[in-house]
Amino acid sequence: MIDAAIPTLVLIGLAAVLAPIVAEWSRRFIAVPEVVVQIIFGILLGPFVLNLAHPNNLVSALSDFGLTYLMFLAGTELDLSTMRQGHLGRAAGSWVTSLALALAVGVVLRASGLVLDHVVVALCLTTTALGTLLPILHDAEVLHTPIGPSMLSVGAVGEFGPIVAVAVLLTNRDPRLTFLLLALFVAVAVIAALLATQVHPPRFIALMRKHLHSTAQLPVRISVLLVILLVYLAEKLSLDVLLGAFAAGVVVRLFIQGEDSKPITSKLEAIGFGFLIPIFFIDSGIKFDLHALIHMPKVLLLVPMFTVIFLFTRGLPTWVFFRGVVTKVEARTLAVLSATGLPIIVVITTLGVSEHRMKPQNAAALVAAGMLSVLIYPLIGLRWLDKGSNATSAPAVPERSDGQ
């Protein structure tokens, strides 16, 4: 299995190295996010174009780890005190409204014969790709601006909400049992979070700091162990493993507060963005069903349609809920950024196709729309934000007197 995977892993490694270079070069013309470049490389290397890279068990396992780690890093970005400043209640209200709108749109699409299951499609229409947006917003230095807390709140709810909804709505179990298992998982996660914030034995902290920069890398190992444990618990409770990864990120964020938080976070991000996460995005491109889009014109038309629907089901509620508490430019920016979706769309469509609740061509169209949203919406939102900042910081032109 390893021998068969090596050629594909070499190509994935090469694509991962070239992706940031190409993304940087593209800034001369149009700023293409690196994650989009990674997916495009995967499509080019995959069986539908150059036929050089092929899915296999080892690459798929590393890709799954990459997605899990992406959700973990998204959880580490959650600072509840910061999110309260970002109107967490409004973010939650906007997502619930998004879900209601998306379910209505899903019913219409099913009645028209375009989709098989309105619930699966609706969940795809409610996602916000916080994990995908984080590197884009980080590079643009947006997270530490006034809009940063609001973006984290909207993104966190837009990523956490669909994960919970998948666990509740896309299972064949009794909903009461699902809620009971979900409550049990939340209870365990809360206990872990309380231990992380309250229990800090001096000797243990000294041991952590001693091995922070040694070969032991003890804080990093403990963080990875926590991810594995909560993912394992979520899997045993028949919940989505991404829920466990996200919760682990929140707990780790609470545990590493203080002067050591930056070096530990830097090391954790190095594992993710430097190794695992690019494998997930490139492998998603390799598995992307390009054939369904090229040879089915009707499916190709669904891509821009879904991209616009993202704005209606996710962006519009965000704009409505935030337009009174942030500036007009920031409200528009939050709206288009919240309509950016990709990783959870990949997960939901994969699950929908495997359970025969979604047509493969619709899955391809939704993933393509997600890629298009990652390419377009952050570009639009950041440009609006930049223009708004320039307009605010521009010095006022003195009025000329009548005698001049």
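Across the range 313-324, a minimum of one residue is classified as more than 16 Å from ILE43 (Cβ to Cβ) and assigned to a loop (DSSP other than H, G, I, E, B). Among the residues examined, PHE322 qualifies as aromatic (Phe, Trp, Tyr), touching a helix residue (DSSP H, G or I) at 6+ places or on another chain (Cβ under 6 Å) and more than 28 Å from ASP64 (Cβ to Cβ).
The set of residues in the range 224-256 being touching a residue at least 40 places away in the same chain (Cβ under 8 Å) and over 20 Å from the mean Cα position of the chain (by Cα) consists of LEU233, LEU237, SER238, LEU254, PHE255. Looking for something over 20 Å from ALA369 (Cα atoms), in contact (Cβ under 8 Å) with a residue 40 or more places away in the chain and hydrophobic (A, V, I, L, M, F, W, C) - is there at least one such residue anywhere in the range 79-86? Yes: the range 79-86 contains one or more residues that are over 20 Å from ALA369 (Cα atoms), in contact (Cβ under 8 Å) with a residue 40 or more places away in the chain and hydrophobic (A, V, I, L, M, F, W, C). Candidates in the range 67-87 are the residues that are closer than 16 Å to PRO162 by Cα and either among the aliphatic types (A, V, I, L, M) or touching a Ser or Thr at 6+ places or on another chain (Cβ under 9 Å) (or both); of these, the one that is modelled with the lowest pLDDT is ALA74.
Residues of the range 201-218 that are at pLDDT 85 or above and either in contact with a strand residue (DSSP E or B) (Cβ under 9 Å, 6 or more places away or on another chain) or part of a helix (DSSP H, G or I) (or both): LEU218 alone. With the structure loaded, tell me whether LEU170 is open to solvent by 40 Å² or more (accessible area, probe 1.4 Å), within 28 Å of ILE348 (Cα to Cα) and in contact (Cβ under 8 Å) with a residue 12 or more places away in the chain or whether it fails that test. Considered against the rule, which asks whether it is open to solvent by 40 Å² or more (accessible area, probe 1.4 Å), within 28 Å of ILE348 (Cα to Cα) and in contact (Cβ under 8 Å) with a residue 12 or more places away in the chain, LEU170 comes out as no.
Residues of the range 16-33 that are within 15 Å of ILE282 (Cβ to Cβ) and modelled with pLDDT of 85 or more: ALA16, VAL17, LEU18, ALA19, PRO20, ILE21, VAL22, ALA23. Looking only at residues in the range 327-352 that are surrounded by fewer than 19 Cβ atoms within 10 Å (Cβ to Cβ) and of a type in the set (Val, Ile, Thr), the one that is nearest to LEU133 (Cα to Cα) is VAL329.
Annotation: of all residues in the range 47-89 being part of a loop (DSSP other than H, G, I, E, B) and within 18 Å of LEU143 (Cβ to Cβ), the one that is most open to solvent (accessible area, probe 1.4 Å) is HIS87.
Is the range 187-200 home to any residue that is part of a loop (DSSP other than H, G, I, E, B), more than 18 Å from PHE72 (Cβ to Cβ) and touching a residue at least 40 places away in the same chain (Cβ under 8 Å)? For the range 187-200, residues part of a loop (DSSP other than H, G, I, E, B), more than 18 Å from PHE72 (Cβ to Cβ) and touching a residue at least 40 places away in the same chain (Cβ under 8 Å): absent.
All of (1) of a type in the set (A, V, I, L, M); (2) crowded, with 24+ Cβ neighbours inside 10 Å; (3) at pLDDT below 90 hold for ALA394 with one exception: (2). Among the residues of the range 1-46, those that are open to solvent by 20 Å² or more (accessible area, probe 1.4 Å) and part of a loop (DSSP other than H, G, I, E, B) comprise MET1, ARG27, ARG28, PHE29, ILE30, ALA31, VAL32. Taking into account only those residues within the range 134-155 that are under 20 Å from ARG84 (Cα atoms) and of a type in the set (A, V, I, L, M), which is modelled with the lowest pLDDT? Applying the filter and picking the extreme gives LEU134. Looking only at residues in the range 18-43 that are aliphatic (A, V, I, L, M) and under 16 Å from ALA140 (Cα atoms), the one that is farthest from the chain's Cα centre (by Cα) is ILE30. In the range 104-144, which residues are open to solvent by less than 60 Å² (accessible area, probe 1.4 Å), aliphatic (A, V, I, L, M), within 15 Å of ARG357 (Cα to Cα) and assigned to a helix (DSSP H, G or I)? Matches in the range 104-144: LEU109, VAL119, VAL120, VAL121, ALA122, LEU123.
The values are calculated or read from the model by the stated rules, or taken from the named source; none is laboratory data. Note that the coordinates shown come from a computational prediction; the quantities given were computed from them, not determined experimentally. Because the Cβ atoms are built from the backbone with ideal geometry, glycine has one as well, and the counts that use them run over all protein chains shown. These area figures cover heavy atoms from the full protein model, side chains too; ligands, DNA and RNA do not enter into them. Shrake-Rupley method; radii C 1.70, N 1.55, O 1.52, S 1.80 Å.
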